[in-house]
Amino acid sequence: MQALLIISMFVVTVAGAALAGWWYARESTPIQGPIVLISIDGLRPAQLPSRGSDGTATPSMDALAADAVVFEQAYTHSPLTLPATHRCWRGSSHSSTACATRPALR
């Protein structure tokens, strides 16, 4: 009897979450256009003219940033490029993959 109660509570919770997600998605306006993710190793945002720097000339990146949604606060799960991109593309934790450790330098 207790298992039936737990399963029914789980089903009601999942259905409620699905309904809430549908309601939120129905109310939000759709975004038109492609999603572009730019991943550059070793480039700080402060080095780009669109972020306030005067040093490097990046006209294509500036034009893209002027006509796009730019996220001001983006965080990575790992400071290393390989585990971070692996996490982004696969959706798995870097600690559960072979990318979690650096290979020995030979």
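Computed values, structure above
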read-out	value
Enumeration of residues in the stretch 69-82 that are surrounded by 11 or more Cβ atoms within 10 Å (Cβ to Cβ) and within 26 Å of Gly33 (Cβ to Cβ)	Val70, Thr76
Only one of Gly42, Gly21, Gly33 that is closer than 23 Å to Cys88 by Cβ, modelled with pLDDT under 85 and surrounded by 10 or more Cβ atoms within 10 Å (Cβ to Cβ)	Gly21
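The values are calculated or read from the model by the stated rules, or taken from the named source; none is laboratory data. The shown structure was predicted, so the numbers you read here are calculated from the model rather than taken from an experiment. Glycine gets a Cβ as well: all are built from the backbone with ideal geometry, and neighbour counts include every protein chain shown.
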